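Below is one structure, written out as structure tokens; comments come after it.
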Amino acid sequence: MEKRVATALVAVAMGATALATAPAYADPVAPSPTPKSDSTPSDNARKPYTPDPRILSVDVDPNVVVVNKGRSAQVTARVTTRDVKSVDIDLWGPRGRSDHGGDHWFGKRKGGPNDGPKFDHASRSWRFDWSDRTGTYKVHVEAIGLDGKKYTADRTFTVKRNEWHAPRPSGPKATRIAGFDATPEPVRKGRSLTLKGTLQVAKCWGDWYYDDWNDFSGRRGGDRYCSDSRNYWNDWRWLGSQDVEVYFQPSGSRRWQYVDTIETDGDGDFAATVRAWRSGTWAVRFDGNRRLKGSEATDYVKVWRH
């Protein structure tokens, strides 16, 4: 029994020796896989930002500048840029002349090259008054990019004057009967009354002054008596050689009675003498014509019977 065990041990020992001396063409044993790392060095490395210079917007406010006489108005240009070092905002007038001096320097980028795009804003304002030329103006913008290149953009706006022009009358001129009076009053029955007044025609309308009273020719602001009045006639001139009719309406009546027709003299004055029999209203009326509007005036007179 002891011999068998010994023989078995010898056999096992020989087998182990045989494995140790196996030939080179035997199948290799596959290596175990290498464990993956939890982080990679590339996660902390970003691609550098490449500047992309642009003038993103040029806004002009207002687009139409309206100037009133004696006052001024302001216009403002606002510029937004990306990746530029500086921007120059200039104004070009209707005749192409430029107004310089609008340089804006934005300085260096903060941080490193990986900070992304660099946005900046700049603005410039101008004031316009009545002496400035009207027309189209141009805001010219020049920017120097971080790449050293020049970029440009333009915007236009319009300057106007708030001018009001008095329209020339297209119809008959206004007239009036000024200072109409029936005297004396009160008056005794059967005594004489004197009716007098002045027929006048409008001398100015708005700021138009009329030199020729036979037509509508005129000139703006030609007379020192004309004021800038937009809604009504102002200032008056005598109107001679015109017929004025005289009427009477007795107290308690609604009907007018024709009395007489008189003519104005060279100064537009007229006068008439009538008999007073009853209390009532005396009236004078100018009928007008194609070039002149009609007008009238009244005066009440009390008549004493005793």
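The values are calculated or read from the model by the stated rules, or taken from the named source; none is laboratory data. What you see is a predicted model; the values in this text were computed from it and never measured. As a convention, Cβ positions derive from the backbone with ideal geometry for all residues, glycine included, and neighbour counts pool all protein chains shown.
Residue by residue through segment 133-152, note down the ones that are over 17 Å from THR80 (Cα atoms) and buried (at least 18 other Cβ atoms within 10 Å of the Cβ).
Within segment 133-152, TYR137 is the sole residue that qualifies.
Out of the residues in segment 61-95 meeting the condition of being in contact with a His (Cβ under 8 Å, 6 or more places away or on another chain) and among the polar types (S, T, N, Q), tell me which one is surrounded by the most Cβ atoms within 10 Å (Cβ to Cβ).
Kept after step one, since they are in contact with a His (Cβ under 8 Å, 6 or more places away or on another chain), are these residues of segment 61-95: 78-81, 86-92.
Next cut, among the polar types (S, T, N, Q) only: 80-81, 86.
Details: THR80: 16, THR81: 27, SER86: 16.
Among those that are in contact with a His (Cβ under 8 Å, 6 or more places away or on another chain) and among the polar types (S, T, N, Q), it is THR81.
For segment 162-188, enumerate the residues that are buried (at least 16 other Cβ atoms within 10 Å of the Cβ) and at pLDDT 90 or above. Please lay out each step first, then the result.
Within segment 162-188, the subset buried (at least 16 other Cβ atoms within 10 Å of the Cβ) is 166, 169, 172-177, 180, 182, 187.
ILE177, PHE180, ALA182, VAL187 - these are the residues of segment 162-188 that are buried (at least 16 other Cβ atoms within 10 Å of the Cβ) and at pLDDT 90 or above.
With the condition being modelled with pLDDT under 90 and surrounded by 13 or more Cβ atoms within 10 Å (Cβ to Cβ), I'd like the strands (runs of 3 or more DSSP E) fully within segment 223-306 carrying at least 1 qualifying residues. Can you show your working first?
Numbers: elements: 233-238, 243-250, 257-263, 269-275, 280-286, 295-301.
The qualifying strands (runs of 3 or more DSSP E) are 233-238.
Which of (1) over 30 Å from ASP154 (Cα atoms); (2) of a type in the set (Lys, Arg); (3) modelled with pLDDT of 85 or more does LYS36 not meet, given it meets every other one?
Going through the list (1) over 30 Å from ASP154 (Cα atoms); (2) of a type in the set (Lys, Arg); (3) modelled with pLDDT of 85 or more, LYS36 breaks only (3).
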